Ligand code: HEC
């Protein structure tokens, strides 16, 4: 029994980082596939990644409730998923991008729900998640204070 628990913990430790730690540099390149529809524009208007407005601005998307970019007209499925508690993490992003409509159907438990995102990518999405996190505001989102000069230096020193 004890060994069972221990190996379960060991598995969790092994499995966790494998999914959580994408490669942000690779993700930046992979994001080229998303630019046809998404841009990354900071709150102050700084363009981090040029793209289009077919899809919502992905600045600060990690850790955010789905379907909440102001002024973007989401499909009802994604909005509903957000209201039901969908938050973008590496895990949800990977599953979503793999098959957006399927994911929204499953999440909302509604067979008629659809995603308005007509794009699928099965590989490298965890790298994109790492990239999005690296260019977004302080990790853990809204409640984190914005005055962290050390972190800003680190990003600039790339
Ligand atoms: C063909 C256009 C298109 C491409 C390419 C595309 N998207 Fe999207 N994306 C959309 C649209 C449109 C929506 C809004 C979906 C809805 O309202 O159901 C969306 C929504 C999203 C959302 C939800 C955002 C939120 O505010 O809740 C995420 C996250 C996302 N896309 C990530 C990606 C990533 C990562 C890629 C590249 C791997 C990508 N998309 C490629 C069109 C696209």
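Annotations for the structure displayed:
- Per-peptide packing, taken as the mean over residues of other Cβ atoms within 10 Å, places 93-106, 62-75 in the sequence 93-106, 62-75 from highest down.
- Between residue 91 and residue 54, the simple spin-label model (points 7 angstrom out along Cα→Cβ) gives 3.1 nm.
- Calculated on the alpha-carbon coordinates, the convex hull of region 59-142 measures out at 89 cubic angstrom per residue.
Bear in mind these aren't lab numbers, they're just calculated from the coordinates by the rules spelled out. Being a predicted model, the structure only gives us computed values, none of them experimental. Because the Cβ atoms are built from the backbone with ideal geometry, glycine has one as well, and the counts that use them run over all protein chains shown.
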